[in-house]
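Asker: I am attaching a structure below and will ask some questions about it afterwards.
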Amino acid sequence: MFRRRLLSWYGQFQRKLPWRGATDPYHILVSEIMLQQTRVAVVEDRYRKFIAQFPSLKRLSRAKEETVLAAWSGLGYYRRARALHRAAKEIVRRGSFPPTAPELMELPGVGRYTAAAVASIAFGEPIAVVDGNVKRVIDRVIDRKSTLARAIPEERYWDVAGQLLDRRRPGDFNQAMMELGALVCLPAQPLCHACPVAGVCGSRGPTERAERPVRRKAFLHYALARRNGSVLLRQRDKQSSLMPGMWELPEIEPAQERATPLLKLRHSITTTDYTVFVHASGKKTEVDRWFPLRSIHRLPLTGLTRKIIKRLDDE
């Protein structure tokens with residue numbers, strides 16, 4: 001009953017997303033990696049542009065890393081782009097796309113969830129997926145309203161998801177479970193009246209949520225130098241643990257009596273909220289380079305740098 005009702009609802013109410021209905025495992029892999037830690041609304045447009053630029057595994061495998069990073073710019077977590085690029089090279093080297101979850105997990109950047117998603121959707125492997133949305137559905141179905149989600153071992157979620165799985169339509173079922181958690185089985189105010197499986201659900205209403213980590217506050221200062229339609233940029237150290245090799249405005253130390261900044265904006269990364277100040281500057285160091293603004297989109301810019309330049313263009 002649970003499977004039938006869920007799949008019927010999914011057939012009627014699933015969102016029309018650009019990767020929905022895709023059968024090419026490459027397209028599914030791209031969408032799943034993009035969706036890691038990134039909102040669907042952000043991924044939709046970026047996915048279309050990425051696939052248009054790299055329509056096949058071969059095209060992606062032959063591209064330069066900096067070209068791939070430029071196409072990824074703004075999505076954040078750039079290690080995903082690098083891993084996807086390496087995975088494309090590996091698949092092309094092998095001569096065929098790995099069809100099972102264990103084989104997919106051998107690829108760079110592909111963990112248990114992504115492997116299960118690609119294997120079930122692209123190849124029909126009867127294997128369940130577990131993400132945050134699926135966990136929330138499971139918590140409510142088995143009536144864990146009064147206990148924190150972390151009290152259940154991770155493996156238990158995979159076991160329950162596997163028991164619920166419709167093995168005849170694993171891809172659709174997995175997407176339906178995630179869609180239910182994203183659209184109906186919401187964290188704070190679940191839409192129980194619209195839930196197709198409310199009749200077999202063990203609980204109603206909000207689930208208790210794990211305490212969120214305290215967010216840090218920090219300040220960043222950047223220099224903006226422009227001349228003849230070009231802007232001065234600096235490349236991050238290629239050995240850096242954060243965004244290695246990406247281009248950004250030169251970061252500077254805050255001064256006691258600096259003039260009013262050209263721009264002030266907010267920017268958040270993982271658990272830190274930054275207040276960012278951009279200051280006019282004409283200074284150039286030996287590690288800085290001038291780049292024409294008209295072609296700057298081809299560079300692997302940090303998301304913050306892209307945001308700053310867009311804000312300046314809009315003003």
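What follows is calculated from the coordinates using simple rules that are stated; it is not laboratory data. On a predicted model such as this, the values are computed, not experimentally measured, just so you know. Cβ placement follows ideal geometry from the backbone for every residue including glycine, while neighbour counts extend to all protein chains displayed.
Asker: Based on DSSP H runs of at least 4 residues, each adding -39500 (n - 2.57), what is the mean residue ellipticity at 222 nm of the chain after dividing by all its residues, to the nearest 500 deg cm²/dmol? Mind dumping the intermediate values first?
Answerer: Details: 12 runs with 130 residues, N = 315.
After summing the helix terms and dividing by residue count, I get -12500 deg cm²/dmol.
Asker: Excluding LEU6 itself, calculate the net charge of residues whose Cβ lies under 12 Å from the Cβ of LEU6, where each Lys or Arg counts +1 and each Asp or Glu counts -1.
Answerer: Neighbourhood net charge equals +1.
Asker: When a/c is below 1.5 the answer is rounded, else prolate if a/b is larger than b/c, else oblate, so apply that to region 82-238 with a ≥ b ≥ c taken from the square roots of the Cα gyration tensor eigenvalues.
Answerer: Details: a/c = 2.54, a/b = 1.34, b/c = 1.89.
Oblate shape, in that a/c is at least 1.5 and b/c is the bigger or equal ratio.
Asker: Just the number, please: percent antiparallel of the DSSP beta bridges in the chain, rounded to the nearest 5.
Answerer: Looking only at bridges with both residues in the chain, the antiparallel portion is about 65 percent.
Asker: Between region 1-55 and region 277-299, what is the C-alpha centre distance in whole Å?
Answerer: 36 Å
Asker: What angle, in degrees between 0 and 90 and rounded to the nearest 10, separates the Cα long axis of helix 132-141 from the longest principal axis of the Cα atoms of the chain?
Answerer: Tilt relative to the chain: about 30 degrees.
Asker: Dipole of region 156-199, Cα-centred, from +1 at each Lys and Arg C-beta and -1 at each Asp and Glu C-beta, to the nearest 20 debye?
Answerer: 120 debye
Asker: By per-residue mean of other Cβ atoms within 10 Å, what is the highest-first order of 235-245, 125-135, 269-279?
Answerer: The densest-packed peptide leads the list: 125-135, 269-279, 235-245.
Asker: Find the relative contact order for the chain and round it to a whole percent, using C-alpha pairs within less than 8 Å whose residues are 6+ positions apart.
Answerer: 18 percent
Asker: Okay, moving on. Which value, in debye to the nearest 20, gives the size of the charge dipole of region 2-200 about its Cα centre, when Lys and Arg are +1 and Asp and Glu are -1 at the Cβ?
Answerer: Once rounded to the nearest 20, the dipole reads 340 debye.
Asker: Counting Lys and Arg as +1 and Asp and Glu as -1, what is the net charge of the other residues whose Cβ lies under 11 Å from the Cβ of LYS284?
Answerer: So the environment of LYS284 carries a net charge of +2.
Asker: Moving on. Between THR23 and ILE252, what's the calculated FRET efficiency when r is the beta-carbon distance and R0 is 51 Å? Round to 0.05.
Answerer: In this case the efficiency is close to 0.50.
Asker: Okay, moving on. What lysines does LYS307 reach when the alpha-carbon gap must be under 24 Å and sequence neighbours fewer than 8 apart in one chain are set aside?
Answerer: LYS49, LYS64, LYS217, LYS238, LYS264, LYS283, LYS284
Asker: In the set (1) 79, 46, 37; (2) 58, 42, 33; (3) 68, 48, 32, which value of Cα extents along the principal axes in Å was calculated from the structure you see?
Answerer: (3)
Asker: Using a ≥ b ≥ c from the Cα gyration tensor of region 216-314 (square roots of the eigenvalues), is it rounded, prolate or oblate, where a/c under 1.5 gives rounded and otherwise the larger of a/b and b/c decides, a/b for prolate?
Answerer: rounded
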